[in-house]
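Participant: Could you have a look at this structure, given as structure tokens, before my questions?
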Amino acid sequence: MEITSKRSAFSWDPEFRPFVDDLRDFLRFKEGGRPGNPETFMICLAVGFDSGVKRDVPPRKSDSMRVADLKKDQFAMMRAVALRETKDSSVLLNDDDVFDIAEQYAAGGLMLLAQKAKEGGDFRLDLIRMFAAASTSAANLEAQGE
């Protein structure tokens, strides 16, 4: 996989950055340990995209997932999101444009998750419901051939 961006990492939205550690605690693995930046970033991206919520591209802090840690399937997901967002295949020619769109949706997802946690209630159950809805939405898109 060849990435043409000069970026070294993605950035969290500074307004909701303090919630990232809390989110990782909520997402603790059964085997112990917490998800790292790549898993947390991709969850936020999925939640933001599924909800259609974006925020501005965060200022460059390089405090999230490192580009070097990006797996092929994660890069493919980002490219699919960018293609769906722009409806223009030329977006795939510029990795920085793809990354900007991914960061916008990840920032939106992080905001939504922070707001949901702040509401109180059973945040873990709310997460399960959000992920189930996102899975159903993705399955419906796939079934429709989109």
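Participant: Suppose we filter the stretch 1-42 for residues that are of a type in the set (S, T, N, Q) and free of Cβ contacts under 8 Å to residues at least 60 places away in the same chain; how many remain? Lay out the reasoning, then the answer.
Facilitator: Of all residues in the stretch 1-42, those of a type in the set (S, T, N, Q) come to 4-5, 8, 11, 37, 40.
So of that shortlist, the ones also free of Cβ contacts under 8 Å to residues at least 60 places away in the same chain come out as 37, 40.
Adding up the residues that qualify gives 2.
Participant: Is it the case that some residue within the stretch 96-116 is at pLDDT below 95 and either loosely packed, with under 11 Cβ neighbours inside 10 Å or more than 22 Å from R55 (Cα to Cα) (or both)?
Facilitator: For the stretch 96-116, residues at pLDDT below 95 and either loosely packed, with under 11 Cβ neighbours inside 10 Å or more than 22 Å from R55 (Cα to Cα) (or both): absent.
Participant: Okay, moving on. If you go through the stretch 80-115, how many residues are touching a helix residue (DSSP H, G or I) at 6+ places or on another chain (Cβ under 8 Å) and of a type in the set (D, E)?
Facilitator: Of the residues in the stretch 80-115, 2 are touching a helix residue (DSSP H, G or I) at 6+ places or on another chain (Cβ under 8 Å) and of a type in the set (D, E).
Participant: Being of a type outside the set (A, V, I, L, M, F, W, C) and within 18 Å of D73 (Cα to Cα) is the filter here; which residues of the stretch 1-42 pass it?
Facilitator: We begin by selecting, within the stretch 1-42, every residue of a type outside the set (A, V, I, L, M, F, W, C); these are 2, 4-8, 11, 13-15, 17-18, 21-22, 24-25, 28, 30-40.
E2, T4, S5, P35, G36, N37, P38, E39, T40, listed by residue number.
Participant: I would also like to ask the following. Against the condition in a loop (DSSP other than H, G, I, E, B), touching a helix residue (DSSP H, G or I) at 6+ places or on another chain (Cβ under 6 Å) and under 18 Å from D97 (Cα atoms), how does R55 come out, does it pass? Don't jump to the end; show me each part of the working.
Facilitator: Values: in a loop (DSSP other than H, G, I, E, B): yes; touching a helix residue (DSSP H, G or I) at 6+ places or on another chain (Cβ under 6 Å): yes; under 18 Å from D97 (Cα atoms): yes.
Judged against the criteria, R55 is a match.
Participant: May I pose another question? I need the full set of residues from the stretch 64-94 which are open to solvent by 30 Å² or more (accessible area, probe 1.4 Å) and touching a strand residue (DSSP E or B) at 6+ places or on another chain (Cβ under 7 Å), in order please. Outline the logic, then answer.
Facilitator: Narrowing the stretch 64-94 to residues open to solvent by 30 Å² or more (accessible area, probe 1.4 Å): 66, 68-69, 71-73, 76-77, 79-80, 83-90, 92-94.
Scanning the stretch 64-94 gives a single hit, R66.
Participant: What pairs come up if the first residue lies in the stretch 43-60 and is under 18 Å from R79 (Cβ atoms), the second is of a type in the set (S, T, N, Q) and open to solvent by 30 Å² or more (accessible area, probe 1.4 Å), and their beta carbons are under 6 Å apart, counting only those six or more places apart or on different chains?
Facilitator: Hits for this filter: D50/S137; K54/Q104; V57/Q104.
Participant: Please state which one of V57, V20, V53 is open to solvent by less than 30 Å² (accessible area, probe 1.4 Å), under 14 Å from the mean Cα position of the chain (by Cα) and not acidic (D, E). Spell out the reasoning first.
Facilitator: Details: V57 fails: open to solvent by less than 30 Å² (accessible area, probe 1.4 Å); V53 fails: open to solvent by less than 30 Å² (accessible area, probe 1.4 Å).
Exactly one residue qualifies, and that residue is V20.
Participant: If you don't mind, another one. So in the stretch 23-50, with the set limited to residues that are among the hydrophobic types (A, V, I, L, M, F, W, C) and assigned to a loop (DSSP other than H, G, I, E, B), which one is least open to solvent (accessible area, probe 1.4 Å)? Walk me through it before giving the result.
Facilitator: Keep residues of the stretch 23-50 that are among the hydrophobic types (A, V, I, L, M, F, W, C), which gives 23, 26-27, 29, 41-47, 49.
In the following step, the residues that additionally are assigned to a loop (DSSP other than H, G, I, E, B) were identified as 27, 29.
Values: L27: 28, F29: 91 Å².
Per the criteria, the residue is L27.
The values are calculated or read from the model by the stated rules, or taken from the named source; none is laboratory data. What you see is a predicted model; the values in this text were computed from it and never measured. A quick note on method: Cβ atoms are made from the backbone with ideal geometry, for glycine too, and the neighbour counts reach across all protein chains shown. The area values use the complete protein model at the heavy-atom level, side chains included, leaving out ligands, DNA and RNA. Shrake-Rupley method; radii C 1.70, N 1.55, O 1.52, S 1.80 Å.
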